[in-house]
Amino acid sequence: MNKIAVTYADGQIFQHFGHTEYFKIYDIENGKIVSSQVVSTNGSGHGALAGFLQMMGVDTLICGGIGGGAKMALAQAGITLYGGASGDADTAVQNLLDGILSFNPDVMCSHHSHGEGHTCGNHGNHSCGNH
């Protein structure tokens, strides 16, 4: 891992990859965070975000919910995905580096067609993608 990106809003992991307006990108050297910056996606969405991250040199992504198309685009861009994460962005990156990040490798959001108007991560008793 050289560069880790986190979907970002107000210090937290933003819960819908395709709608994120910001990434916080962390530069990693020798397993430690050496710097970080918050960057705007400039309105890029869904599939374009994988290319945006690739252009920024990102090799690892931590996010909340993410759809199948975006997962494929990230895989094609060679970006390792840690989806289904939540909470403080800085803590999540440190937890990943320490090998203790809580995430869901099978996270899948399929909210683009059912029109209920809610965002990923706000399901109460439902797990994402199991409607």
*asked:* Out of the trypsin sites (Lys or Arg not before Pro) in region 23-86, which ones are loop residues according to DSSP with at most 10 other C-beta atoms within 10 Å?
replied: none
*Among the lysines, which have Cα under 21 Å from the Cα of K32 when same-chain residues fewer than 8 positions away are ignored?*
K3, K24
*Taking 0.36 nm per intervening residue step and subtracting the Cα-Cα distance, what contour gain separates N42 from S102 on full extension?*
18.7 nm
*asked:* If you average 1/r across every pair of different Cα atoms in region 3-98 and take the reciprocal, what Kirkwood value do you get, in Å?
replied: 12.8
*So if R0 is 30 Å, what FRET efficiency would Q76 and M1 give, r being the distance between their Cβ atoms, rounded to the nearest 0.05?*
0.95
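FYI, it's all coordinate maths here, none of it is from the lab. Only a predicted model underlies this, so the values are computations on that prediction, with no experimental measurement involved. Note that each Cβ is placed from the backbone with ideal geometry, even for glycine, and that neighbours are counted across all protein chains shown.
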